[in-house]
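One structure is given here, and the rest of the page talks about it.
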Amino acid sequence: MGNEDCPDAAAPLCEPDSGECVSCSAVADGDGACAQLDPATPLCVGDRCVACTADDPLVCDQQLLVCDDDTHACVPCGEHEECGSGACELALGRCFPTDFVVTVDGDGGAMADYMSIAAAVDAVDDGQHGVIVVHELDMAAPYALGVQVTGGKTIALLAAPGEAPIIQGTGGNPGLRVEGAGTSVYVDGLSIAGNTGGLGLAVDGASAWVDRSRIVQNSGGGILAQNGAELTLRNCFVVLNGGQFVDTRGLTASNAIIRLAYTTVAANDGTGATGPISIACDAGTTGEVRNSIVASGTDTIDCTGLVFDSNVVDTAGLSGSNNDVLAFDPGWFPGIAMSDFHVAAGPPFAEVAQWNDGDPLTDIDGDARPTNDGDPDYAGADVP
């Protein structure tokens, strides 16, 4: 008699001395017996063979998944911090591999692997993954000249804990340019700011997922997504981009998929010559805007392919539901004179948003959001 003669999942093992079918806890080497029965569930916890524990996530690590310590099953990642590499491919629920995890410190920190973000990106082979942890520069100086990611690379650009690094483009060179099919970038905790002649972020036929970041004061506009690009923004400030005398806006999209959640798109500027100054899209653009603030005046949104739900917006008649339509008011942001777009407690943003399972657990500063499906929440990137 052997394990094949024990069909009951609660007692899948044949105890060699008694010949009885038992659980893994009833044999001398429960882990070994589980591993022999099924290599995908090599650990004995209680009376069950399981995939993992918090102390032994090896099976999950091998699949680039994370261990749910309640169910002892391998599950997709949903936060960068869950992964051993420090980064999660959030669109896929898969951890980055651990074979290229480096730090950048332009001030020459002793533990830094590279002095520039561009050099670290260049060191990743085409088609491969890389995790790049970026330290802020002294005196809040920017990493100048911008960063370009191409070649089907999948890159995570993550701010070092407690730091706020800045990327700055120069002239026609955006702060961050992501190009080409198969190329993906995940950004968390960085600012893309201060380009006096061009865009903050350009996504061309590629994918960019941006969390807890700031796209601010780029005179050529905040973001351009085009040619099949996919753009996700969560808990971001996209503010003060463009200029009064140029044809610019916070977000321009052409044949792109756009997903905004808990993002503040406000006080962007432009002439409006080819479209409103907050968000302008062509007919080939689709996606959604949820739980956000989108306002730069009155009627500054033109994007028929986006569905707007549970936002504060300055434009009536948008597709979607539960949107509060209000003209932009600088008084919403007590620190606006210092380019600070945190909000005061209370109206008009309190209880406008609706938190759903899968939404971010925190705001741009790491302050907690609700965690029950359907709970009301603050619209925009900040919970005051």
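Here, each number is a calculation from the coordinates, and none is a lab measurement. Small disclaimer: the values here were computed from a predicted structure and weren't measured. Quick reminder, even Gly has a Cβ in these numbers, built from the backbone with ideal geometry, and neighbours come from all protein chains shown.
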Positive-pole candidate from LEU90, ALA120, ALA73, dipole of the range 40-133, charges at beta carbon:
ALA73
Least to most buried among SER310, SER292, by other C-beta atoms within 10 Å and fewest first, runs SER310, SER292
Let's see if you can work this out: charge +1 on each Lys and Arg Cβ, -1 on each Asp and Glu Cβ, no other charges. What is the dipole magnitude of the range 91-377 about its Cα centre, in debye to the nearest 20?
440 debye
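When a footprinting reagent is the concern and you count Cβ atoms within 10 Å, what order do PHE245, PHE328, PHE237 take, fewest first?
On the way: PHE245 9, PHE328 20, PHE237 29.
Least crowded to most crowded, the residues run PHE245, PHE328, PHE237.
For n ≥ 4 DSSP H runs only, could you compute -39500 (n - 2.57) per run for the chain, divide by its residues and tell me the 222 nm figure to the nearest 500?
Working: 3 runs with 19 residues, N = 384.
Per the formula, -1000 deg cm²/dmol.
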Pop out the ³J(HN,Hα) list for the range 369-379 in order, Karplus 6.51 cos²θ - 1.76 cosθ + 1.60 with θ = phi - 60°, rounded to Hz; leave Gly and Pro as x.
9, x, 10, 9, 4, x, 5, x, 8, 6, 6
Can you give me the long-range amide H partners of GLY272? Hydrogens built in the peptide plane at 1.01 Å from N, cutoff under 5 Å, separation of 5 or more residues or another chain.
THR248
Amide H contacts under 5 Å for CYS95, placed H, 5+ residues apart:
LEU65, CYS77, GLU89
Neighbourhood net charge (13 Å Cβ-Cβ; Lys/Arg +1, Asp/Glu -1) for ASP373:
-3
Of ILE215, PHE328, ALA156, farthest towards positive along the dipole that unit charges on Lys, Arg, Asp, Glu beta carbons give the chain:
PHE328
For the range 115-122, take each phi angle, set θ = phi - 60°, evaluate the Karplus expression 6.51 cos²θ - 1.76 cosθ + 1.60, and give the result in whole Hz per residue in order, putting x for glycine and proline.
8, 9, 5, 4, 5, 5, 4, 4
Euclidean distance between Cα centres, the range 41-58 to the range 260-320, Å
48 Å
Per-residue HN-Hα couplings for the range 62-73, Karplus 6.51 cos²θ - 1.76 cosθ + 1.60 at θ = phi - 60°, whole Hz, x for Gly and Pro?
5, 9, 6, 10, 10, 8, 7, 6, 7, 9, 6, 10
Can you tell me the dipole magnitude for the range 3-55 around its Cα centre, using point charges on the Cβ only (Lys, Arg +1; Asp, Glu -1), in Debye to the nearest 20?
180 debye
Using Cβ counts within 10 Å as a stand-in for footprinting exposure, how do ARG290, ARG48 rank, fewest first?
ARG48, ARG290
Considering the dipole of the chain built from charges on the beta carbon (Lys and Arg +1, Asp and Glu -1) around the Cα centre, which of TYR143, THR248, MET1 is farthest to its positive end?
THR248
Hey, can you grab everything whose amide H is under 5 Å from the amide H of TRP355? Only 5+ residues off in sequence or another chain; H modelled, so Pro and N-termini drop out.
GLY374, ASP375, ASP377
Just how large is the dipole of the range 1-138 about the Cα centre, in debye to the nearest 20, putting +1 at every Lys and Arg Cβ and -1 at every Asp and Glu Cβ?
200 debye
